[in-house]
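Q: Pasting a structure below so you can have a look.
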Amino acid sequence: MKRVVTLALPLGQSRRNAKRLALAAGCTLMLVSPLLWAHAHITATEPEAGAILEQAPERLELRFDSPIRITQFEVTGPEGTVELGEDPLGPLAETHGAVPAETLAPGDYEVVWRGIAEDGHTMSGGYRFAIQE
Ligand SMILES: [Cu+2]
């Protein structure tokens with residue numbers, strides 16, 4: 001026979017617990033992992049998301065709070081896919097980036113990335129920036 005256990009908690013506390021549960025569910029692998037592998041979060045990008053630049057950026061960069069392996073780093077702009085001077089994929093690191101092979105022309109750009117954190121979780125994101133005429 002199944003019994004439903006109801007926890008009598010003050011509303012504020014149960015709400016807090018629900019929030020905590022939701023956070024835990026998002027990182028279940030970390031809990032069952034035999035090692036204390038870290039889940040990574042992106043902390044900054046270069047250029048900043050939404051930036052409107054007066055000059056072309058010299059370098060495009062993603063920064064995380066713990067090491068991650070980048071599996072995709074694609075930059076598209078007014079002239080299509082931007083060729084990068086180096087391959088940002090591969091090493092496990094907190095900072096990833098690349099220098100564009102040529103100076104970026106004015107226009108709107110989008111960076112799309114994917115990666116795998118040390119705890120095995122895949123992550124992805126993207127952001128846009130623009131270079132003024
Ligand atoms: Cu995780």
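Coordinate-derived values only; no laboratory data. Being a predicted model, the structure only gives us computed values, none of them experimental. Cβ atoms come from the backbone with ideal geometry, glycine included; neighbour counts cover every protein chain shown.
Q: Please find the FRET efficiency linking L84 to A49, where r is the Cβ-Cβ separation and R0 is fixed at 22 Å, and quote it to the nearest 0.05.
A: Once the sixth-power term is evaluated, E becomes 0.70.
Q: If you put +1 on each Lys and Arg Cβ and -1 on each Asp and Glu Cβ, how big is the dipole of the stretch 42-131 around its Cα centre, in Debye rounded to 20?
A: 200
Q: Shifting gears a bit: Each label point is 7 Å from the Cα along the Cα-to-Cβ direction; what then is the distance between the points at A130 and T95, in nm?
A: 2.9
Q: Provide the net charge surrounding H39, with neighbours chosen by a C-beta distance below 10 Å and charges set as Lys +1, Arg +1, Asp -1, Glu -1.
A: Net local charge, H39 excluded: -3.
Q: Going by a ≥ b ≥ c, the root eigenvalues of the Cα gyration tensor, does the stretch 42-131 fall in the rounded group (a/c under 1.5), the prolate group (a/b larger than b/c) or the oblate group?
A: The shape class here is prolate.
Q: In a shell of Cβ-Cβ distance under 12 Å around G97, excluding G97 itself, what net charge do Lys and Arg (+1) and Asp and Glu (-1) give?
A: With Lys, Arg at +1 and Asp, Glu at -1, the neighbours total -4.
Q: By how many nm would the segment from I116 to E102 lengthen if fully extended, with 0.36 nm per residue of separation less the alpha-carbon distance?
A: 2.2 nm
Q: Just need the relative contact order of the stretch 42-131 here, percent rounded to a whole number, with Cα pairs under 8 Å and 6+ apart.
A: So the answer I get is 35 percent.
Q: In addition: Rounded to whole Hz and in sequence order, give me ³J(HN,Hα) for the stretch 77-87 from the Karplus expression 6.51 cos²θ - 1.76 cosθ + 1.60, θ = phi - 60°, writing x for Gly and Pro.
A: Ordered by residue, 3J(HN,Hα) equals x, x, 10, x, 5, 7, 7, 9, x, 8, 9 Hz.
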